[in-house]
Amino acid sequence: MDSRDAATDGEIVRAVLAGDVERYAVLVERHRDRFARYAVRMLGSHDAAEDAVQDALVRAFDHLADCREPEKFAGWLFLILRNRCFAEHRRNEREARMPEEAAGSVAAPDRSDGPAERRERAGALQRAVLELTPEQREVLVLKHVEELRYEEIAQITGATVASLKMRMHRAYDRLRELMKEHV
Amino acid sequence: MRLFWLTAAIAVAAHLPTRSALAAQDVAARLEGRAPATVVRAVQTIAQDAAARGLPVEPLIQKTLEGSAKGVPPERVVAAVRLLAARLDEARTALQGAGIATPGSEALEGGAYALSAGLSADQVRDLGRVSRPLYDPALTLHIAATLTALGVPAPRGVQLLRHMIQSGRTPNDLLDLPGEVQASMARGASAAEAVEALDIEDGGLGHQGHQGEEGQARQHPHRP
Amino acid sequence: MKNAYHDLVKRLLDGELTLADLPPELRAEGEAALQLLGALDRTPVTLSPVVNSRVMAMVRERSRSRARRALRWLVTPREVRFRLRPWLVGPALAAAAVLVLLVARPQPPVPTPAGNIVFVRFMLHAPGAKSVAVAGTFNQWDQNAAPLIPAGTDGVWTTTLALPVGQHQYAFVVDGRRWVADPAAPGVDDGFGRRNSVVAVTRQGARTL
C-alpha cells in the first residue's frame, strides 16, 4: 500500500469530492468489515449483510457531499447501513418473506454439550433473534455482540437509555419464550 | 472492535439531528462529540442568554471548539466563553455609541478581539465612528488590535488609523500597517517611532503627544 | 408474560449485577439466562474482497456520468456577471452583491469556489516535525481538517486553503499536540494562555495580523 493510506478519512473524503474518485477504495477497504458483524446479526445471513454493506458504501459515495463532518465518515456510513438494514426488514415483511436461515444444522436437540450441540444452540438462538422486532434485535446486537454500553447505544440510535432498557428486557423475555425447547 | 464502535458512536451523534430549540439547538449540534457534556450544557446556557440579547452565538461556538481542540480544562473553556460573551456585549454598546445601530457579527467579533487586545471601549467606539461608511469596522478593529499587540500605545494606533482613513487610504493600505511597523522595528525603531514615521509620511502630521488624544477630531492637510 | 425473567435476572443480563448479587432462589434462573445469551454468535465477520471491486465499479460508473454533467455546466455561460471594486462599495452592499451572485448561479454538481473566496497559503518552518496542520475559525478548530505538507527538504511545511473574505483566527498544530501561533505575526491572547494568529482576507489578498 502506498503512503497515501496514512491520510485520515476526512482527507480522503475531501480528495474524493475534489475529483480523486479512486481514493474511495481506501475508505471501502477501511470500513468494509467495520460493521459487518452488526449487519450479519441484524439480517441473519452473510450474503444479505454483504449486499447491505455494498449498497451502503455506494450510497455513501453518492451522497458524499452531504457528509457534514468528513472526519466522521465511519459514523455517517453506519447511519446509512443501519437505515438499509431496517429497510430490508420492512421489505421482507411486505413480501411476507421469512428471514434467512442462519448457518447451522437444524438437528433435534439432545442433552449433550459438545461442539455440535453448541453450534445448534447458536443457530437456534440466531433464528430466535431474527424473530425479534428490528429495534429489539438492534439493541441486543449492540449490547451483547458489539458490547456497547446503553449510553453509547443511545448516542447511536437516538433513543433514551430508559426506552432501550425496556426494549432489551422485552427481548430477553421473548428469547426465553422462543428458546423454551432448548433449555 | 469495541474501539471502532466507540468512535462510531460519537461520530454518528455528529450526524443525528437534535431536538432542542433555537440557539441551544445549534450549539448542541455543533459541539456534540467535540466537547464534554458539561461544557456543552454550560455553553448552551451562555448562548441562549446571548441570543436573547441579540448577540451572535457563532463566536461562542468557535471559542468552545477551540478550547476543546486545544485540550483546555472544561472550567477554563466555559470561563473564556463567558468572557467572550461579555466582550461581545461591550463591543456592541461601544459600536452603537459610534452610531452603528445594528453592528454585524463580524464587527462585534472585531470589537471583542480589540477589547481582549487591550483597547478600551472608548477606543473601540472611536474606531467604529471613523470606519464608516466605506471601511469595514471589523478590519480596522483587528488592525488596531494588532498594532497594540506590537507595542504601539492604543491611542496612537487609533489615531494613525483615523488619519489614514481620513486621507483616503484604501483598506489594503491599512492592512499593510502592522507589517510596516514590524519592518521598522526590525530595523531598530521602537513601536512608537515606527508609527510616527508612518504618520509623517501620511501628510506631515509631525510629532504628537501621547496623552489625551482619543476621540479628538483634528483637521489635517491631505495629500494631493 | 408467562416466561418473563425476574427483574433482577434482567439486570444480571444487562451486566448491572453479578450472580452473587442474586438471592439464592434466583441463581438457577440467572445461570440459565446467562447460558442462553452466551450462545450468541460473536465471531468477527470478514466480508469478501469482491465487495470492494463491486463498490468501486459502481463508484466509477457514477463518477463518469457525474463528470459528463459537470462538463456541460462548465461550458454553459453564467447568467450573472459582476465586476466589483470593493473599496468603492460598502461592505454591506458587497455582501449583498456576492449573495445575489451565488443565488443566480446554477447549482453545480461539483463544488466550486464562490466569488468571495480567496486562496491563502499558509507556511510554517518546522524542521523535525512529523506532522503540521492549521486549525482555526475557518475549519472549526479541527486539527485534522487542513494538514500541511512538506515543501522540499528544508523543514518548510505548506498548504493552500480557500478562505472567505473576513478575519479568521488560527494557529498551527505541530505533531498533533503543540499549538503554535504564526511566528511572523504578533497575534492575540486566545483566552487560554496561548496565542492565536489572525489572517485578514480581502479580495485583494490576505495578511497575517
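A short reminder: the numbers here are calculations on the coordinates, not readings from a lab. Note that the coordinates shown come from a computational prediction; the quantities given were computed from them, not determined experimentally. Methodologically, a virtual Cβ is constructed for each residue, glycine included, from the backbone with ideal geometry; neighbour enumeration extends over all protein chains shown.
General observations
- Taking other C-beta atoms within 10 angstrom as a stand-in for reagent exposure, A:Thr8, C:Thr46, B:Thr64, C:Thr137 fall in the order C:Thr46, A:Thr8, C:Thr137, B:Thr64, fewest first.
- Per residue, chain A reaches -19500 deg cm²/dmol at 222 nm when only DSSP H runs of four or more residues are counted, each adding -39500 (n - 2.57).
- Counting Lys and Arg as +1 and Asp and Glu as -1 over every other residue whose Cβ lies under 11 Å from the Cβ of B:His142, the net charge comes to -2.
- For B:Ala42, the shell of other residues with beta-carbons less than 13 Å away shows a net charge of +2, using +1 for Lys and Arg and -1 for Asp and Glu.
- Look at B:Ser68, B:Ser120, B:Ser190 and count the other Cβ atoms within 10 Å of each Cβ; fewest to most, that gives B:Ser190, B:Ser120, B:Ser68.
- Seen through its C-alpha gyration tensor, with square-root eigenvalues sorted a ≥ b ≥ c, the stretch C:117-208 comes out oblate because a/c lies at 1.5 or above while a/b is not bigger than b/c.
- Least to most buried among A:Phe86, A:Phe73 (fewest other Cβ within 10 Å first): A:Phe86, A:Phe73
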